[in-house]
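In what follows, a structure is listed as C-alpha cells, so that the remarks can point back to it.
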Amino acid sequence: MSPLLELKKLTYQAQRKMILDIPEFQIETGEFLGIMGPNGAGKSTLLKVLAFLDQQTSGEVLYRGQAIPNGNAPLELRRKFSIALQQSLLLDGTVFDNIAIGLTLRKVPKSIIKEKVEQWMELFAVSHLAKKNALYLSGGEAQRVNLARAMIVEPEILFLDEPFSALDFPTKIRLMEDFKGIIEEAQTTTVFVSHDLMEIHFLTTKLAIIVNGEIKQVGPTPRVLEHPNSSTVSFLNEWKKFYPVAR
Amino acid sequence: MDLLIDGLKKAIDMILSGDQEVFAITWLTLKVCLISILISTLIGLPLGIFLGLTRFKGRRLLLMFINIGLGLPPVVAGLWITMLLWRSGPLGGLTLLYSPTAIVMAQILVSLPIVTSLTCTAFQQISEKMLLQIKALGATKVQTLWLLIKQLKIAILAAIMAGFGRVIAEVGAAMMVGGNIQGDTRILTTTIVMEVSKGNFDIALALSFILLSVALLITAALTFLQQRKRIS
Ligand SMILES: Nc1ncnc2c1ncn2[C@@H]1O[C@H](COP(=O)(O)OP(=O)(O)O)[C@@H](O)[C@H]1O
Ligand SMILES: [Mg+2]
C-alpha cells in the first residue's frame, strides 16, 4: 500500500539557495511524526510543501501514491489537512465562531456545526470561553482554540509548526497532556515540527532530524534519540545535556 | 454669540417652515455626496484591496500617485474637470459642465484616493502567515476575500467615512464645475460661500447647521455599522 504522503526527489530553492533537498520521505497513516532540527533548517518550509501550501522547485509530492500538480492541489485535497502554527492567528470574533470556521467554509449545516463546536470546545477545555472575543485570550487559551479549530474538521493529517513553543512551561505541559490524549483518541496522523527535545520525546512516535535542508535520520523516536548517527549526533547531544531523556 | 443663536433659530425656522429652496439645496447636497462616495467606494475598495494584497511591478509608483491624490487640492481637481468638460475639451460634447454630474466627478476625484489608500493600508497589514492560515483552513479565494473584508470592516468603514468627510466639506471644486446655479447646482457649501459674500451671516450660519447635521447623521449611521456587534 502506498504511504499517505510521500516526497520524491524534492528540492526547494529560494534566491538560488537550496532550502530543502529530500530524495525521498514518507508519512504513514496513524503515525505521530516529529520533525526536529535547528533554526533555519527548513522545517517550516517542509511543512508548507507537505500541506500543499507552497510550491517545491522540483520533485514530487504524492498523496496515496498519486502525484499532485505542483502548486495546484485541488481544494478537496487541501481540505483534508489542517495546520496550526506557533502564533494562534485567530480572527476577530467569538471563540465559538473561530473554532467553527473550518466547517463554515465547508458549508456544513448550522446544527451540525453547533454540535461539533461544543464537542471540541469541551475536549480542549474552552467551553467557558465560547462567547469571548478570541483576540482577547491568554496565550494558552488561544492555542487551545487554535488546535480545536484545526481538529474540528477531523483532518486526515494535522500539521503543527511549533504550536507550544511560545507558551510558558506549566501552560505548555497542561496543553500537551490534553492534546496527546485527544490525538490518541482521534488517531489523527500528525506531523509535528519542533526544535524542543522535551516536546518531541513526549509526543512523537517517529522522528526525522533535519539539518541544512536535508533529512539526516529517520526512525522510531526512542531509537533515533538513543542511537543518533554521525550527522545528527552533535545536534542531539547538545540537547541531551539539558534533557537526559535517552540515558 | 447672539449671531450663533440667531443662526440656529433661523435654521430651525427654515426647516420647520419647509422652505422649498433650502430643502432642494439640502436634498441635492445629499444626493451628490452620497452618489460620489458610493462610486468612490465601488472603485476604491476593490482597488485598495488589490493593491494591499498583491505585489507587482509598478505597484509602488501607482500607490505613490494615489497618495499624492490624498492631498489633491479641490480647486485643482475642479480645474481638471472643468478643462475636461469645457466646450472644446475632450468631453465637451457631453455638455456636463455646470451640472450636478460635474460636481460628482470632481468629488470622486478628491475622495477616491482617500478610500483607495486607506483600504490598501488596512489590507497590507494582513500578514503572510495569516493569509496562509486562512488558506489552510480550507478557504477558497472568494471566501478568503470575504473573511478579510469582515475582519477589516472597521478600517474599511473608516476609509469610507474619511472619503465622505472630504466630499461633504468640499466647496472649491463644486463651485468651479457646478457654478452654484440656483435650482440646479447649488449645494450647501457653495450657498454658504455665496451668502457670506453677500453679508447674510444669519442665513449662512443656518445653512451651516443644516450641513453639520447632514454630515453628523451620515457619519453616525456609518459609525453604527462599524461598531455594531463588537464582542469583548
Ligand atoms: N521565501 C524565502 N526566501 C528566502 N529565504 C527563505 C524563504 N523561506 C525560507 N527561507 C530560508 O530558508 C531557510 C529555512 O527556513 P524555515 O523553513 O523557516 O526554517 P525553520 O522552520 O527550520 O527554522 C532559512 O534560512 C530561511 O531564511
Ligand atoms: Mg520554523
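Bear in mind these aren't lab numbers, they're just calculated from the coordinates by the rules spelled out. Nothing here was measured: the structure is a model prediction, and the numbers come from that model. Don't worry about glycine lacking a Cβ; one is built from the backbone with ideal geometry, like all the others, and counts go over all protein chains shown.
Here the spin labels are modelled as points 7 Å beyond Cα on the Cα-Cβ line, and at B:Leu62 and B:Glu128 they lie 2.1 nm apart. Nearest 500 deg cm²/dmol is fine: what mean residue ellipticity at 222 nm does chain A get from its DSSP H runs of n ≥ 4 alone, each adding -39,500 (n - 2.57), divided by its residue count? Calculated mean residue ellipticity at 222 nm is -10500 deg cm²/dmol. Between A:Lys131 and A:Asp92, the modelled label-to-label distance comes to 2.1 nm, taking each label 7 Å out from Cα in the direction of the beta carbon. Rounded to 0.05, the FRET efficiency of the B:Phe224 and B:Lys198 pair, given R0 = 45 Å and the Cβ-Cβ distance, is 0.75. Here the Gaussian network model covers chain B, with springs between Cα atoms less than 10 Å apart; of B:Leu61, B:Leu97, B:Leu51, B:Leu61 fluctuates the most. Among B:Leu217, B:Leu207, B:Leu132, the largest mean-square fluctuation in a Gaussian network model of chain B, built with springs joining Cα atoms closer than 10 Å, belongs to B:Leu132. What number comes out for the charge environment of B:Phe209, summing +1 per Lys or Arg and -1 per Asp or Glu over other residues with Cβ under 14 Å away? Taking every Cβ under 14 Å from that of B:Phe209, the sum is -3.
Rounded to the nearest 10 degrees, the angle from helix B:2-16 to the longest Cα principal axis of chain B is 80 degrees.
Have a look at the DSSP beta bridges in the protein assembly as shown and tell me what percent are antiparallel, nearest 5.
Working: 23 of 41 bridges.
Among the beta bridges of the protein assembly as shown, antiparallel pairing accounts for roughly 55 percent.
Relative to a virtual label point 7 Å from the Cα of A:Glu154 in the Cα→beta-carbon direction, which members of segment A:88-109 show backbone nitrogen distances below 20 Å? The answer is A:99-109, whose backbone nitrogens lie closer than 20 Å to the label point. The modelled label-to-label distance between A:Met18 and B:Thr121, using points 7 Å beyond Cα along the C-beta direction, is 4.6 nm.
Ignoring everything except DSSP H segments at least 4 long, calculate the 222 nm mean residue ellipticity for chain B; use -39,500 (n - 2.57) per segment, divide by total residues, nearest 500.
On the way: 11 runs with 179 residues, N = 232.
Using -39500 (n - 2.57) per qualifying helix, the result is -25500 deg cm²/dmol.
The dipole here belongs to segment A:59-170: it is taken about the Cα centre, uses +1 on the Cβ of Lys and Arg and -1 on the Cβ of Asp and Glu, and is about 440 debye. Residue exposure proxy: A:Glu199, A:Glu177, A:Glu28, ordered by other Cβ atoms within 10 angstrom of their Cβ from fewest to most, comes out as A:Glu177, A:Glu28, A:Glu199. Neighbours of B:Leu188 by Cβ distance under 14 Å: Lys/Arg scored +1, Asp/Glu scored -1, total -2. Of the chymotrypsin sites (Phe, Trp or Tyr not before Pro) found in segment B:8-104, those in coil by DSSP whose Cβ has at most 11 other Cβ atoms within 10 Å are B:Phe56. When A:Lys216, A:Lys110 are arranged by Cβ crowding within 10 Å, least crowded first, meaning fewest neighbours, the order is A:Lys110, A:Lys216. Here the Gaussian network model covers chain A, with springs between Cα atoms less than 10 Å apart; of A:Arg16, A:Arg79, A:Arg64, A:Arg16 fluctuates the most.
Given the C-alpha atoms of segment B:2-227, compute the convex hull and give its volume per residue in Å³. Can you show the working numbers first?
Values: hull volume 33.4 nm³, N = 226.
Enclosed volume per residue, from the Cα hull, is 148 Å³.
Nearest 0.05, what FRET efficiency do B:Ala155 and A:Leu75 give at R0 = 45 Å with Cβ-Cβ as r? E between B:Ala155 and A:Leu75, to the nearest 0.05, is 0.95.
What's the exposure ranking of B:Leu30, B:Leu118, going from fewest to most Cβ atoms within 10 Å?
B:Leu30, B:Leu118
Straight-line reach from B:Lys10: taking Cα to Cα under 22 Å and skipping same-chain neighbours fewer than 8 places apart, the lysines in range are B:Lys198.
Rounded if a/c is under 1.5, else prolate if a/b is larger than b/c, else oblate: which is chain A, with a ≥ b ≥ c the root eigenvalues of its Cα gyration tensor? Oblate, because a/c is 1.5 or more while a/b does not exceed b/c. Per-residue shielding of B:137-148, expressed as the average number of other chain Cβ atoms within 10 Å of the residue Cβ, stands at 5.
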